[in-house]
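Engineer: Attaching a single structure in structure tokens format; questions to follow.
The values are calculated or read from the model by the stated rules, or taken from the named source; none is laboratory data. Treat the numbers as computed from the prediction; the structure is a model and nothing was measured. Because the Cβ atoms are built from the backbone with ideal geometry, glycine has one as well, and the counts that use them run over all protein chains shown.
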Amino acid sequence: GQQVMQIPQYQHVQEGEDFTTYCNSSTTLSNIQWYKQRPGGHPVFLIQLVKSGEVKKQKRLTFQFGEAKKNSSLHITATQTTDVGTYFCAGVSGYALNFGKGTSLLVTP
Amino acid sequence: GAGVSQSPSNKVTEKGKDVELRCDPISGHTALYWYRQRLGQGLEFLIYFQGNSAPDKSGLPSDRFSAERTGESVSTLTIQRTQQEDSAVYLCASSPITGPPGEQYFGPGTRLTVT
């Protein structure tokens with residue numbers, strides 16, 4: 001079945017540094033979603049990418065979907081302490097979302 | 001408006017007991033999902049409801065797990081004869097989009113501890 005892998009598992013940055021997390025699927029994805037989960041909180045939807053090669057921006061966050069629709073990335077420019085949390089990608093498989101294990105981001109001031 | 005709510009927020013139970021977890025989705029959301037999140041892990045899909053039918057139950061880990069939904073309203077996830085490996089946060093999500101999943105709105109989860 002479809003497997004979604006995310007790297008790195010953890011990332012510790014100084015405030016102001018950039019951050020990137022990568023998501024790779026064993027199969028072609030119809031679309032991919034990204035969620036953020038703050039410590040002790042629940043996942044919150046960030047974005048959905050559908051088209052091959054798609055790039056979307058939300059303020060300091062840039063999301064990319066690979067040309068082959070098997071990988072995706074989330075890049076945060078100039079991190080802030082409010083960016084702390086775990087970022088999950090999720091690939092659609094039938095009716096289900098297959099979540100990666102997430103990348104936990106720690107930002108120190 | 002109100003988001004997805006879940007109850008109880010925490011549940012501690014003894015091994016072998018049955019537990020029932022409740023989810024109240026956002027009003028009007030036809031799609032409802034249950035996930036399990038073990039400590040430090042990603043979310044494992046359990047079951048998908050479209051209205052009160054469940055077209056996809058493929059994620060239920062064993063026959064000790066069952067779920068039902070009343071119309072487009074409340075859903076309950078029941079775990080019978082709980083085991084220690086059932087300890088996790090159980091998350092419910094709802095969506096106005098049926099079929100292949102769109103944006104999902106998550107509840108705060110129920111933290112289940114089996115002693």
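Engineer: Filter segment A:1-47 down to residues that are of a type in the set (Val, Ile, Thr) and closer than 15 Å to A:Ala68 by Cα and give me whichever is modelled with the highest pLDDT.
Structural biologist: From segment A:1-47, those of a type in the set (Val, Ile, Thr) are A:4, A:7, A:13, A:20-21, A:27-28, A:32, A:44, A:47; that's our starting set.
Imposing the further condition that a residue be closer than 15 Å to A:Ala68 by Cα reduces the set to A:4, A:27-28, A:32.
On the way: A:Val4: 92, A:Thr27: 90, A:Thr28: 91, A:Ile32: 95.
That would be A:Ile32.
Engineer: Among the residues that make up segment A:74-92, is at least one of them more than 29 Å from B:Gly3 (Cβ to Cβ) and more than 14 Å from chain B (Cβ to nearest Cβ)? Can you show your working first?
Structural biologist: The initial filter retains those residues of segment A:74-92 that are more than 29 Å from B:Gly3 (Cβ to Cβ), namely A:77-78.
In the following step, the residues that additionally are more than 14 Å from chain B (Cβ to nearest Cβ) were identified as A:77-78.
Scanning segment A:74-92, I find at least one residue that is more than 29 Å from B:Gly3 (Cβ to Cβ) and more than 14 Å from chain B (Cβ to nearest Cβ), so the answer is yes.
Engineer: A further question on this structure: Under 9 Å between Cβ atoms, which residue pairs at least 6 apart in sequence (or on different chains) link something in segment B:24-38 that is within 19 Å of B:Pro100 (Cβ to Cβ) with a partner that is outside any loop (DSSP other than H, G, I, E, B) and among the acidic types (Asp, Glu)?
Structural biologist: That search, which allows pairs on different chains as well, returns B:Tyr35/B:Glu44.
Engineer: If you don't mind, there's one more thing I want to ask. Could you list, in sequence order, all residues of segment B:30-64 that are in a strand (DSSP E or B) and within 12 Å of B:Tyr90 (Cα to Cα)?
Structural biologist: Taking segment B:30-64 as the starting set, the residues that turn out to be in a strand (DSSP E or B) are B:31-37, B:43-50, B:53-56.
B:Tyr33, B:Trp34, B:Tyr35, B:Arg36, B:Gln37, B:Leu43, B:Glu44, B:Phe45, B:Leu46, B:Ile47 - these are the residues of segment B:30-64 that are in a strand (DSSP E or B) and within 12 Å of B:Tyr90 (Cα to Cα).
Engineer: Then there is this: Considering only segment B:48-86, state which residues are small (Gly, Ala, Ser), away from every other protein chain (no Cβ under 14 Å), surrounded by fewer than 19 Cβ atoms within 10 Å (Cβ to Cβ) and within 15 Å of the chain's Cα centre (by Cα).
Structural biologist: B:Ser62, B:Ser66, B:Ser73
Engineer: Looking at segment A:52-69, which of the residues that are out of contact with any strand residue (DSSP E or B) (no Cβ under 6 Å at 6 or more places or on another chain) and without any contact (Cβ under 8 Å) to a residue 12 or more places away in the chain is nearest to A:Gly16 (Cα to Cα)?
Structural biologist: Let us first name the residues in segment A:52-69 that are out of contact with any strand residue (DSSP E or B) (no Cβ under 6 Å at 6 or more places or on another chain), namely A:52-53, A:57-59, A:66-69.
Going one step further and asking which of them are without any contact (Cβ under 8 Å) to a residue 12 or more places away in the chain, we end up with A:57, A:59.
On the way: A:Lys57: 18, A:Lys59: 14 Å.
Here the residue is A:Lys59.
Engineer: So which of A:Lys69, A:Lys36 is surrounded by 16 or more Cβ atoms within 10 Å (Cβ to Cβ), among the basic types (Lys, Arg) and under 29 Å from B:Ala88 (Cβ atoms)? Full working, then the answer.
Structural biologist: Working: A:Lys69 fails: under 29 Å from B:Ala88 (Cβ atoms).
Every option except A:Lys36 fails the conditions.
Engineer: Restricting attention to segment A:89-109, which residues are over 16 Å from A:Pro39 (Cβ atoms), surrounded by 22 or more Cβ atoms within 10 Å (Cβ to Cβ) and touching a residue at least 12 places away in the same chain (Cβ under 8 Å)?
Structural biologist: Hits for segment A:89-109 are A:Cys89, A:Ala90, A:Gly91, A:Leu97, A:Asn98, A:Phe99, A:Gly100.
Engineer: Follow-up question, since we're still on this one. Out of curiosity, is A:Ser25 touching a Gly at 6+ places or on another chain (Cβ under 7 Å), under 19 Å from B:Pro101 (Cα atoms) and within 14 Å of another protein chain (Cβ to nearest Cβ)?
Structural biologist: yes
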